Amino acid sequence: MDEIEEDEDILIHMYLAQQERAVEIGLYDKGIDLRTPPSPDQARAMLSTALNDELMRNRLAAHAVAVDGLDEELADLSIKLDRLIQQLRSRLAAPGPGAD
C-alpha cells in the first residue's frame with residue numbers, strides 16, 4: 001500500500017513539473033523569459049499576452065487543476081496522518097496486558 005501511495009506522489013510531482021514546464025515554454029515561445037524578474041509593466045504585458053492566447057490559457061488552467069489536485073491529496077494525507085497519530089496515542093495510553 002505504501003508503494004502505491006509513493007507511486008501516486010511521484011506521478012503527481014511529475015505531472016506538476018510537466019505542466020509548469022509547459023507554461024514556461026509557452027511563455028518563452030511568446031518572448032517572455034521568466035529567468036529575470038519583470039518590471040510591473042512587463043508583468044502586465046506578459047499576463048495579457050498569456051491570457052490572450054488559447055493554448056496558454058489551457059496550459060495555465062491545466063496547471064491550476066494539477067495544483068488543486070495536489071492540495072486535495074495533501075489534505076487527505078494530513079487527515080490520514082492525524083488518524084494514525086490518534087490511534088498510536090490511544091494504544092500508548094491503553095493499559096498493557098496484565099496491568100490489572
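Since every read-out is calculated from the coordinates, none of them should be taken as a lab result. Remember, predicted model here, so these are calculated numbers, not experimental data. A quick note on method: Cβ atoms are made from the backbone with ideal geometry, for glycine too, and the neighbour counts reach across all protein chains shown.
Using the alpha-carbon positions of segment 12-55, Rg (one decimal) and Dmax (whole number) come out as 11.4, 34 Å.
Peptides 48-61, 69-82 ranked from most to least packed, by the mean per-residue count of other Cβ atoms within 10 Å: 48-61, 69-82.
Taking segment 4-26 and a reference point 7 angstrom along Cα→Cβ of ASP68, the backbone N atoms nearer than 16 Å belong to 16.
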